[in-house]
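What follows is one structure encoded as structure tokens, with my remarks underneath.
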Amino acid sequence: MQRIILYSVKRYLSNLIEEIIERAATSSHILLFLDYDGTLVPICKEPSLAKLSLNDKRLLEKLSRIPWFSTGIISGRSLEDIRSLVGVKGLFYAGNHGFEIAFQGIVWVHPALNSFKVELQEITRKLKYHTRGINGILVEDKRETVSVHYRKVTGMTPGEIIKIISMVLEPYAKMFTVTRGKKVYEVRPNIDWDKGKAVVKISQLLDLQTKPLKIYIGDDQTDEDAFKMLGEDDISIRVGYKKGSKAQYFCKRSSEVLQFLKKLVMLNNSKK
């Protein structure tokens, strides 16, 4: 146990923040990816309650106006939901783990998704029907994917919930996959796509003139795909320490992420 603690301290964001800011200061352009739930805001029992404060929105607005930054949100929420929640112009947004991407007035949707729409609607209806008697469960239709939230469920184990999901998915076994997040199961089309591939796609869509320093901050297993995709010179930060994570650094909570973002804004002010 002691060995793990000592190892984690070496990677703790607060202990190394000035070193990271120095790396950012030498970059000609920064491409900043931010997860939402658990990263910019604490996890809430009700997804609709996870909202940014006015000051935090203003912080994102400041980042969006920095000319040598390209800043965006990459979330498991639907594109419509995450854009509505954040509501800051000048950011790029990636919803459904990057299946949908909005940037500079353009919306890109993974071309393979059309093949799954009818079946996904059927699955959503069946999940709502078969979980209707479970107190506290939430089946969320995200258009391109569907999430089953069980944070508020009592009297039923995650194993029992996944059995229901597996039963519903049995006729569609080869078409869809299930991933587990923090108190949520997500049903996704069986497409070779994740947040890591979304990072690459966003980089291509933005078509930056110089190679940027990529900074990615996330808190969940789905963010590990992005951490793995980053180059050795890029910066990856995980909210919440996890042994075996591919992130270079970690912090304990979303408030530390916001403090780091404030440092980036201050860095821009010092460059003027």
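Odds and ends about this structure:
- Inside the stretch 201-219, residues that are of a type in the set (Asp, Glu) and surrounded by fewer than 16 Cβ atoms within 10 Å (Cβ to Cβ) make up a count of 1.
- Scanning the stretch 168-200 for residues that are in a helix (DSSP H, G or I), buried (at least 17 other Cβ atoms within 10 Å of the Cβ) and either touching a residue at least 60 places away in the same chain (Cβ under 8 Å) or out of contact with any helix residue (DSSP H, G or I) (no Cβ under 9 Å at 6 or more places or on another chain) (or both) gives LYS195, LYS197, ALA198, VAL199.
- Single residue of the stretch 205-226 satisfying the filter (modelled with pLDDT of 95 or more and part of a helix (DSSP H, G or I)) that is nearest to the chain's Cα centre (by Cα): ASP223
- Selection over the stretch 75-91 of residues that are hydrophobic (A, V, I, L, M, F, W, C) and part of a helix (DSSP H, G or I) gives a count of 4.
- Filter result (surrounded by fewer than 20 Cβ atoms within 10 Å (Cβ to Cβ), over 21 Å from VAL146 (Cβ atoms) and not hydrophobic (A, V, I, L, M, F, W, C)) within the stretch 71-114: GLY87, LYS89, GLY90, GLN104, GLY105
- Residue, farthest from the chain's Cα centre (by Cα), within the stretch 234-246, restricted to residues that are in a loop (DSSP other than H, G, I, E, B) and touching a residue at least 40 places away in the same chain (Cβ under 8 Å): LYS243
- Among the residues of the stretch 92-117, those identified as of a type in the set (A, V, I, L, M, F, W, C) and in a strand (DSSP E or B) are PHE92, ALA94, ILE101, ALA102, PHE103, ILE106, VAL107, TRP108, VAL109.
- Selected residue (criterion: farthest from GLU80 (Cα to Cα)) from residues of the stretch 90-106 that are in contact with a Phe, Trp or Tyr (Cβ under 9 Å, 6 or more places away or on another chain) and aliphatic (A, V, I, L, M): LEU91
- Residue ID - nearest to THR39 (Cα to Cα), chosen from residues in the stretch 220-265 that are among the polar types (S, T, N, Q) and buried (at least 16 other Cβ atoms within 10 Å of the Cβ): SER254
- Residue within the stretch 143-151 that is outside the structural domain of PRO42 (by TED's automatic domain parsing), within 29 Å of PHE33 (Cβ to Cβ) and aromatic (Phe, Trp, Tyr) present: yes
The values are calculated or read from the model by the stated rules, or taken from the named source; none is laboratory data. Remember, predicted model here, so these are calculated numbers, not experimental data. So basically every Cβ, Gly included, is an ideal-geometry build from the backbone, and we count neighbours across all protein chains shown.
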